[in-house]
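Contents: one structure, followed by commentary.
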Amino acid sequence: GGGKNAGKQEVSSVDTSRYLSQPLVSHMYTADPSAHVFDGRIYIYPSHDVDLGTPQSVGGDHFDMRDYHVFSMDSIGGKVTDHGVGLSLEDVPWAKRQLWAPDAAYKNGTYYLFFPAKDPEGIFRMGVATSKSPSGPFKAEPKPIEGSFSIDPAVFTDDDGASYMYFGGIWGGQLQKWVGGKFDPKGSETDLPDDNAPALAPKVAKMSSDMLSFDGAVRDVQILDKNGKPFLTKDHNERFFEAAWVHKYNGKYYFSYSTGNTHFLAYAVGDSPLGPFTYQGAFMNPVHGWTSHHSIVEVKGKWYVFYHDTQLSDKTYLRNIKVAELKHDNDGSIELIEPLVK
Ligand code: FUB
């Protein structure tokens, strides 16, 4: 069971009955699963975690991923197919390291893979790669998306066909180093210093019709409390950290994210894809592991959350993707999921 020594368990002694669901993939480590239904099949675009011995740092250097694999299945609970390497670091001309959480989208016969990576200066940017198949392989554009920065792109396409990219992450995701609109290498490694100032906001940009660039300005995503006030830096249980995702349910826009160092997956609801969004609460309690990162998708009339934990490795940076059902109540709220069975 759990308790103080849980982190010291050998892999062979992991008690699988502690977990709400089991890893979808166990022949390699996977994380940050972005799931989509394309052509009636479920495709998953995760990070591919590897152990290269890179020393741990607050900035997350040990999340040192080098490629992406694409996975698919015909139904929830069905066999998972590994389509192999969809994109490699060496095939991205501008990217030097750390292929972090990706997402995918489809428009006009083309599939798009969006991904963050550090450029030669050590600054996270967002790249895009294209394919005629949802399983790849994807060909990267020669340059990062102009005006992009930080991590964790999530692309949502509304019913009117307009697409938006949500992105940003604090601490290792560098969002706090961009407060002046320009990268400050001397900026904080964690939250901004003023605990009583408004917390850093995630970002949103409308995508151009060819999905290769931002159409207009990058804007702040406002996450407000129930009194209409923004959360403050000190509100670590509620404020945005990373892992943005948007889904639409009953005409409302649900902006969900990780609170990072407090390990919740939380959500906020709004009437426009650009926000503002009003915080509703956590919908998933902390998983086993430090990071929490998810996607929410409808499959045949039921809703699912794809997420990860560290069941297979007991190491923060070697994760495994999972899926669980997600329930919207009649009032639109999401039922709280407990990923660790007590
Ligand atoms: O996988 C690397 C980073 O860890 C992701 O980009 C974050 O969301 C966190 O899961």
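Collect the residues in the range 184-214 that are in contact (Cβ under 8 Å) with a residue 40 or more places away in the chain, hydrophobic (A, V, I, L, M, F, W, C) and in a loop (DSSP other than H, G, I, E, B), keeping them in residue-number order. Within the range 184-214, Leu192, Ala199, Leu200, Met211, Leu212 meet the criteria.
Of the residues that make up the range 233-249, is at least one away from the ligand (no atom under 16 Å from the Cβ) and closer than 23 Å to Pro116 by Cα? Yes, because at least one residue in the range 233-249 is away from the ligand (no atom under 16 Å from the Cβ) and closer than 23 Å to Pro116 by Cα. Pairs meeting the criteria (first residue in the range 285-301 and on the phi > 0 side of the Ramachandran plot, second residue within 16 Å of the ligand (Cβ to nearest atom), beta carbons under 8 Å, at least 6 apart or on different chains) are Gly289/His308; Gly289/Asp309; Gly289/Thr310; Gly289/Thr316; Gly289/Arg319.
Just give me the residues in the range 185-194 being surrounded by 13 or more Cβ atoms within 10 Å (Cβ to Cβ) and either of a type in the set (Asp, Glu) or within 20 Å of the chain's Cα centre (by Cα) (or both), in sequence order. I'd like the intermediate steps shown before the answer.
If we filter the range 185-194 for residues that are surrounded by 13 or more Cβ atoms within 10 Å (Cβ to Cβ), which is where we start, we get 187-192.
Within the range 185-194, Glu189, Thr190, Asp191 qualify.
Taking the conditions exactly as written (within 14 Å of the ligand (Cβ to nearest atom) and either in contact with a strand residue (DSSP E or B) (Cβ under 9 Å, 6 or more places away or on another chain) or closer than 25 Å to His48 by Cα (or both)), does His263 satisfy them or not? Yes: the conditions hold for His263. For the range 37-80, the set of residues classified as surrounded by fewer than 20 Cβ atoms within 10 Å (Cβ to Cβ) and among the hydrophobic types (A, V, I, L, M, F, W, C) consists of Val37, Phe38, Val50, Leu52, Val58, Met73, Ile76, Val80, listed by residue number.
For Ser21, are the conditions met, namely being at pLDDT 95 or above, closer than 27 Å to Val155 by Cβ and of a type in the set (Ser, Thr, Tyr)? Against the criterion (at pLDDT 95 or above, closer than 27 Å to Val155 by Cβ and of a type in the set (Ser, Thr, Tyr)), Ser21 qualifies.
For the range 79-124, the tally of residues that are acidic (Asp, Glu) and either without any contact (Cβ under 8 Å) to a residue 40 or more places away in the chain or not in a strand (DSSP E or B) (or both) stands at 4. Among residues of the range 220-253 being in a strand (DSSP E or B) and buried (at least 22 other Cβ atoms within 10 Å of the Cβ), the one that is farthest from the chain's Cα centre (by Cα) is Ile223.
Could you tell me which numbered condition Val323 fails, if it satisfies all but one of (1) over 27 Å from Gly40 (Cα atoms); (2) more than 16 Å from the ligand (Cβ to nearest atom); (3) in contact (Cβ under 8 Å) with a residue 60 or more places away in the chain? Failing condition for Val323: (1).
Listed here are the residues, each with its yes/no results for (1) in a strand (DSSP E or B); (2) β-branched (Val, Ile, Thr); (3) in contact with a Leu (Cβ under 8 Å, 6 or more places away or on another chain); (4) modelled with pLDDT under 95.
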| position | (1), (2), (3), (4) |
| --- | --- |
| Lys4 | no, no, no, yes |
| Gly7 | no, no, no, yes |
| Ser12 | no, no, no, yes |
| Tyr45 | yes, no, yes, no |
| Thr54 | no, yes, no, no |
| Gly60 | no, no, no, no |
| Phe63 | no, no, no, no |
| Phe71 | yes, no, yes, no |
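Can we say Ala217 is at pLDDT 95 or above and in a strand (DSSP E or B)? No. Whether any residue in the range 294-313 is of a type in the set (Asp, Glu) and over 27 Å from Val37 (Cβ atoms) is what I want to check. Within the range 294-313 (the criterion being of a type in the set (Asp, Glu) and over 27 Å from Val37 (Cβ atoms)), the answer is no, since none of the residues qualifies. Among the residues of this structure, Phe124 does not count as one that is more than 21 Å from Thr259 (Cα to Cα), within 16 Å of the ligand (Cβ to nearest atom), surrounded by 20 or more Cβ atoms within 10 Å (Cβ to Cβ) and within 16 Å of the chain's Cα centre (by Cα).
Do we have Trp303 as surrounded by fewer than 17 Cβ atoms within 10 Å (Cβ to Cβ) and within 16 Å of the ligand (Cβ to nearest atom) here? Let's see the steps before the verdict.
Working: surrounded by fewer than 17 Cβ atoms within 10 Å (Cβ to Cβ): yes; within 16 Å of the ligand (Cβ to nearest atom): no.
In short, no.
Taken as a whole, the condition of being surrounded by 24 or more Cβ atoms within 10 Å (Cβ to Cβ), closer than 21 Å to Thr291 by Cβ and either among the charged types (D, E, K, R) or in contact (Cβ under 8 Å) with a residue 12 or more places away in the chain (or both) does not apply to Phe138.
The values are calculated or read from the model by the stated rules, or taken from the named source; none is laboratory data. The structure displayed is predicted, hence computed values, not measured ones. Positions of Cβ are backbone-derived with ideal geometry, glycine not excepted, and every protein chain shown enters the neighbour counts.
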